[in-house]
Amino acid sequence: SSYLIIFTTRTINGLTLIFPITEIFRAQSLTEKVVWKRIDQIIKKPIFISGSIDPADILQGKIGDCYFLSAISGLAENDKRISKIFGDININKNGIYMARILHRGVYQEVVVDDYFPCSKRDGKLMGSRPSNGEEIWVMIL
């Protein structure tokens, strides 16, 4: 089957940054058109983490990334593992978040924006989403 990796760009203080979407979309599943929405357009009152972190916080969307969601479910068995990934767990009004990702044995800080692919047809989030409807840590990761 065919694969398509989607990138988005943002210009911040005159510097254009390229943000790859971490999930890989199967081309045949892209029959719907995609519209990019910010977190506050998807969730009315977003919160980064609500209470404790739990594997049940994670729901898969239309993107075929169950392997990734399974991995973060394992991490979510221990709150501290997920908390260490994020530098700040407050909602950022500018939509910019930081995550520490272990890549080839070295931690790297990755900047993530809060634009997410949604179905143009029904407006629903296409990627992973919070099970309680408010937490955004799953979406950001």
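Sum up the charges of everything whose Cβ sits under 11 Å from the Cβ of residue 54, counting Lys and Arg as +1 and Asp and Glu as -1, but leave residue 54 out. Combined, the nearby Lys, Arg, Asp and Glu give -4.
Beyond 13 Å, how much of the Cα-Cα pair distribution for the stretch 47-87 remains, as a whole percent?
53
Residues whose amide H falls under 5 Å from that of residue 47, counting only those 5 or more places apart or on a different chain, are 135, 136, with hydrogens built in the peptide plane. Over all orientations, the stretch 28-141 has a Cα convex hull whose mean projected area works out to 7.5 square nanometres. Pairs from the list 93/120; 44/84; 80/120 with a Cα-Cα gap above 31 Å: 80/120. Taken one residue at a time, the phi angles of the stretch 129-135 give Karplus couplings (6.51, -1.76, 1.60, θ = phi - 60°) of 9, x, 6, 8, x, 10, 5 Hz. Gly and Pro are set to x. Each residue of the stretch 67-73 was assigned a 3J(HN,Hα) from its phi angle through the Karplus curve 6.51 cos²θ - 1.76 cosθ + 1.60 (θ = phi - 60°); the sequence is 4, 5, 5, 5, 5, 6, 4 Hz, with glycine and proline shown as x. The phi torsions of the stretch 83-97, fed into the Karplus equation with coefficients 6.51, -1.76 and 1.60 and a -60° offset, translate into couplings of 4, 5, 5, 9, x, 9, 9, 9, 5, 9, 4, 8, x, 10, 10 Hz, rounded to whole numbers, with Gly and Pro shown as x. For the stretch 75-137, the Kirkwood radius over C-alpha pairs fed into Stokes-Einstein at 10 °C and 1.306 mPa s yields D = 117 µm² per second.
Annotation: amide H-H contacts under 5 Å for residue 62 (H modelled 1.01 Å from N, sequence separation of 5 or more, or interchain): 127. Annotation for the stretch 84-106 versus the stretch 112-141: alpha-carbon center distance of 16 Å. Put simply, the amide H of residue 112, placed in the peptide plane, has neighbours under 5 Å in 97, 98, 99, leaving out anything fewer than 5 places away on its chain.
Laboratory data are not the source of any read-out in this text; all were calculated from the coordinates shown. The shown structure was predicted, so the numbers you read here are calculated from the model rather than taken from an experiment. Cβ atoms come from the backbone with ideal geometry, glycine included; neighbour counts cover every protein chain shown.
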